[in-house]
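J.: The structure under discussion is supplied below as structure tokens; questions concerning it will follow.
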């Protein structure tokens, strides 16, 4: 298989990472060599294998639905690049 | 003062408890050496001033019943530390100051230890050489321009270079064991669910584990005993009875059955590694253990599986860095443009590469072929270990397929870089504990490590085997202080 520039552009859009032409070419090369390596998995027949979905074979513990961290609005906002009183500010979404 | 930094954690604890040393003496000594060691680039952020204040405070009213009384310690910059910048080695978190503490570091401070600073690592723990850090590569104390391994490269460098008595790292595919092996120290990756992941910057959540890195096995056991705890704040934390690992440590491993997996004899592995492995086999036999040839038939599929599972989880975890709630934000013409520029400017090349791989294998039309396939193979790999553990108590392998390499040697070829983790990755995929101990040197004088893999929750057993082997191996790390002027 081969990952072309069009696919790279598509993945870059999905990942929300802008890449220029030069970077896209480099990524295509890298990803192709990585996927050549990954293709090795096709040697294995896995039709009847159950996928491993959880490494720890325990059931999740239930807890009561209580608020533990109260009044931490200030802490949550503290690291925001831009905020206005109690809100995160982002570039205008609606014209 | 210089010999203080040469002492093991166990010795320092004893000397503080017996009042032969004060916390201030010890803290000063490690700060002094750290300040002389800037060339290693092991620290991203230091907290020396407040460490000294805390040490003085400790000495005024010392609590000598704690496990780490007044012991200074630097930690990997992947652990959130309250009010201390936590970067994960990334530009995107260069201004991030957590308002909360990770459970693992909280456990350490609760036992009396004092934060020295935050240690360099590969960006978001993605790397095997500490060359992907936004804050520059780390030098190995073993030799100039040698990588310390990664991703816990700053941690390995700091312990081997005696800038901190012990430290903690994180291990997703080998990030504790490989750098430990490269720098001649001990590193333990605990069973998945043994140490809380709360407050650790996430990379691949089904693989990530925190663990201790130390000069010797006993120190490693002591620190593990402190950090391992059940934590309701991490839904994958497991509530099992934890040992007093350091107290219960014994070199009596008579009658233990140790598996030697033939699939770890990989093509092109240097003879030095094979010889080291044979030496290791002899050592465990000398300790009265029995070795048994075993097979882990799907070993060669572990790395390809890992390079689907880990990037897939990373692409999902790292979606949170969008320039809105915290971290770096680039200017954009609109919201989407802001996201795309923030992530393009904020993430380094390796992280972008892995997000792209992860996004691709999870994308519509490819999910079954890649992600589902990988989860199935992961099951087969786990089954291999389950099968082997019907016959043996632990498994002995080399830690890495080679010794440390030079800075820049492998940066242009991602696959050759990934191959570093060939012996460590299967352990993460199966959620098992593994420990790397220094076991010899190659012809260049660089350290080589052996790995002991245990059953889930059987850390005590692999620590005991490591402890018994350590005595036989009698490894001496060759640290020349080349970086100190």
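J.: Quick check on chain B: of the DSSP beta bridges with both residues there, what percent are antiparallel, nearest 5%?
T.: Here the antiparallel bridges make up roughly 70 percent for chain B.
J.: How high is the relative contact order of chain A, in percent, counting Cα pairs under 8 Å that sit 6 or more residues apart?
T.: That works out to 17 percent.
J.: Give me the distance in nm between label points sitting 7 Å out from Cα along the Cα-to-Cβ direction at residue B:406 and residue B:349, one decimal.
T.: 1.8 nm
J.: For peptide B:8-16, what's the mean number of Cβ atoms from other chains within 10 Å of each residue's Cβ?
T.: Partner-chain Cβ atoms within 10 Å, mean over residues of B:8-16: 0.
J.: Among A:30, B:386, B:208, which comes first, then next, by fewest other beta-carbon atoms within 10 Å?
T.: The fewest-first ordering by Cβ neighbours comes to B:386, A:30, B:208.
J.: Sort B:25, B:393 so that the residue with the fewest other Cβ atoms within 10 Å of its own Cβ comes first and the one with the most comes last.
T.: Sorted ascending by nearby Cβ count, the order is B:25, B:393.
J.: Over region B:204-297, calculate the relative contact order: mean separation of alpha carbon pairs under 8 Å at least 6 apart, over the residue count, as a percent.
T.: For region B:204-297, the relative contact order is 26 percent.
J.: While we're looking at this one, here's another question. Relative contact order (percent) for chain B, with alpha-carbon contacts under 8 angstrom and 6 or more residues of separation?
T.: Answer for chain B is 17 percent.
J.: Per DSSP helix of 4 or more residues, -39500 (n - 2.57); summed, then divided by the residues of chain B. What does that give at 222 nm, rounded to the nearest 500? Don't skip to the end; give the middle numbers.
T.: Numbers: 15 runs with 168 residues, N = 485.
Taken over chain B, the calculation gives -10500 deg cm²/dmol.
J.: Would you mind ranking B:224, B:441, B:244 so that the residue whose beta carbon has the fewest other beta carbons within 10 Å leads the list?
T.: B:244, B:441, B:224
J.: Here's another thing I want to ask about it. Taking one equal scatterer on every alpha-carbon of chain A, how large is log10 of I(q)/I(0) by Debye at q = 0.18, 0.20, 0.21 1/Å?
T.: Evaluating at q = 0.18, 0.20, 0.21 Å⁻¹ gives log10 I(q)/I(0) of -0.95, -1.00, -1.04.
J.: Okay, moving on. Return the single residue from A:63, A:16, A:73 with maximal mean-square fluctuation; model: Gaussian network over chain A, springs between Cα atoms under 10 Å.
T.: A:73
J.: Here's another thing I want to ask about it. How large is the helix-only mean residue ellipticity at 222 nm for chain A, computed as the sum of -39500 (n - 2.57) over DSSP H runs with n ≥ 4, divided by its residue count, in deg cm²/dmol to the nearest 500? Write down the numbers at each step before the final one.
T.: On the way: 3 runs with 34 residues, N = 95.
Taken over chain A, the calculation gives -11000 deg cm²/dmol.
J.: Residue B:100 versus residue B:295, label points 7 Å from Cα toward the beta carbon: distance in nm?
T.: My value for the distance between the label points is 4.8 nm.
J.: Between residue B:144 and residue B:387, what is 0.36 nm times their sequence separation minus the Cα-Cα distance? Round to one decimal in nm.
T.: 83.1 nm
J.: Residue by residue through B:297-307, how many Cβ atoms from other chains fall within 10 Å of the Cβ on average?
T.: Numbers: counts 0, 1, 0, 2, 5, 0, 3, 10, 5, 1, 5.
Mean partner-chain Cβ count within 10 Å for B:297-307: 3.
J.: Restricting to the protein assembly as shown, compute how many DSSP beta bridges are antiparallel as a %, nearest 5. Let's see the in-between values first.
T.: Values: 32 of 44 bridges.
The antiparallel proportion sits near 75 percent.
J.: Specify the inter-centroid distance of region A:71-95 and region B:343-367, based on alpha-carbon positions, in whole Å.
T.: Cα centres, region A:71-95 to region B:343-367: 27 Å.
J.: Shielding of B:375-387 by partners, i.e. mean partner chain Cβ atoms within 10 Å per residue?
T.: Per-residue shielding by partner chains comes out at 3.
J.: Now, a different point. Using the alpha-carbon centroid of each, what span in Å lies between region B:136-215 and region B:269-341?
T.: 12 Å
J.: Mind checking the angle between helix A:21-38 and chain A's longest principal axis? C-alpha axes, 0 to 90 degrees, to the nearest 10.
T.: The helix A:21-38 is inclined about 70 degrees to chain A.
J.: Which distance in nm do the two modelled labels at residue B:275 and residue B:476 give, with both placed 7 Å along the Cα-to-Cβ direction?
T.: Rounded to a tenth, the inter-label distance reads 1.9 nm.
Read-outs throughout are calculated quantities, based only on the coordinates presented, and are distinct from any laboratory measurement. The shown structure was predicted, so the numbers you read here are calculated from the model rather than taken from an experiment. Neighbour counts run over all protein chains shown; Cβ positions are idealised from the backbone, glycine included.
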